[in-house]
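Student: Quick one: the structure is below, questions incoming.
The values are calculated or read from the model by the stated rules, or taken from the named source; none is laboratory data. Quantities reported herein were computed from a predicted structural model and do not represent experimental measurements. Here Cβ is always computed from backbone atoms with ideal geometry, including for glycine, and neighbour counts include all displayed protein chains. These area figures cover heavy atoms from the full protein model, side chains too; ligands, DNA and RNA do not enter into them. Shrake-Rupley method; radii C 1.70, N 1.55, O 1.52, S 1.80 Å.
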Amino acid sequence: MKKDDCIFCKIANGEIPTNSIYEDERFRVILDMSPATKGHALILPKEHFANIYELPEDWAADVMVLAKKMATMMTEKLGCDGFNLVQNNNECAGQTVFHFHYHLIPRYIGDNQKIQWNPTSPTADELKEVHSILTK
Ligand code: 5GP
Ligand code: ZN
């Protein structure tokens with residue numbers, strides 16, 4: 001299903017022109033309009049899923065296979081030195097467009113970009129508590 005007021009539904013389905021670098025039955029891959037680095041691209045499903053929670057498992061499997069293919073192809077063609085796959089869900093995690101997308105970010109030595117968090121220092125007990133929540 002598409003969502004009427006969703007810009008990524010329109011872009012993914014070719015209703016708004018964009019720099020598309022790959023397309024198949026389920027996905028379109030486009031260049032990000034404000035790229036972190038040269039070649040920064042987005043995998044967009046052609047159906048509307050707001051985030052990872054809504055993405056069906058078979059689409060999730062397909063998107064990972066496609067991400068691997070794109071990363072390989074883009075690394076060969078762009079000559080980048082590394083690669084980040086980034087996927088944000090909900091506003092607090094940095095999502096700004098609420099249609100699932102996977103960022104493909106080529107990295108270059110000295111590109112001066114950061115995809116980072118501040119590491120924290122939980123105690124062993126705190127880690128145990130999280131472990132227990134997640135394995136109950
Ligand atoms: P998010 O922050 O939701 O993970 O990422 C949204 C990304 O979509 C941003 O990197 C932003 O630059 C990109 N973006 C937002 N609107 C458009 C658009 O209309 N066209 C393209 N090509 N990229 C977009
Ligand atoms: Zn959408």
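Student: Which residue fluctuates the most in the chain, going by a Gaussian network model with Cα springs under 10 Å, if the choices are 106, 119, 35?
Tutor: 119
Student: Tell me, which cysteines of the chain are without a disulfide-compatible partner by the Cβ under 4.7 Å rule?
Tutor: 80, 92, each lacking another Cys Cβ under 4.7 Å.
Student: On to the next question. Could you report the stretch 21-85's accessible area per residue, 1.4 Å probe, as an integer in Å²?
Tutor: Result: 56 Å² of accessible area for each residue.
Student: What FRET efficiency do you get for residue 4 and residue 26 if R0 is 22 Å and r is their Cβ-Cβ distance, rounded to the nearest 0.05?
Tutor: The computed FRET efficiency comes out at 0.65.
Student: To continue, here is another question. Pairing the Cα long axis of helix 124-135 with the longest principal axis of the chain, what angle in degrees results, from 0 to 90 and rounded to the nearest 10?
Tutor: It works out to around 50 degrees.
Student: State, in angstrom, two size descriptors of the chain derived from its alpha carbons: Rg to one decimal place and Dmax to the nearest whole number.
Tutor: Spelled out, the Cα radius of gyration and Dmax of the chain are 17.0, 53 Å.
Student: Compute the Cα gyration tensor for the stretch 2-74, then decide on rounded, prolate or oblate, letting a ≥ b ≥ c be the square roots of its eigenvalues: rounded whenever a/c is under 1.5, prolate when a/b is larger than b/c in the other cases, and oblate in all that remain.
Tutor: oblate
Student: Could you tell me what percent of the accessible area of the chain is made up of carbon and sulfur, with a 1.4 Å probe and every protein chain present?
Tutor: Whole-percent figure for carbon plus sulfur exposure: 54.
Student: For the stretch 1-36 and the stretch 63-95, what is the separation of their Cα centres, given in Å?
Tutor: If we compute the Cα centre of each part, the gap is 16 Å.
Student: Related question: Let me have the relative contact order for the chain, percent, based on Cα pairs under 8 Å that are six or more residues apart.
Tutor: Once normalised by length, the contact order is 23 percent.
Student: Could you give the length gained by full extension between residue 61 and residue 77, i.e. 0.36 nm per residue of separation minus their alpha carbon distance, to one decimal place?
Tutor: 3.3 nm
Student: Helix 57-78: angle to the longest alpha-carbon principal axis of the chain, degrees 0 to 90, nearest 10?
Tutor: 70
Student: Continuing with this model, one more query. Kindly flag which residue pairs out of 2/69; 69/114; 3/46; 3/68; 77/114 have an alpha-carbon separation exceeding 21 Å in this structure.
Tutor: 2/69; 69/114; 3/68; 77/114
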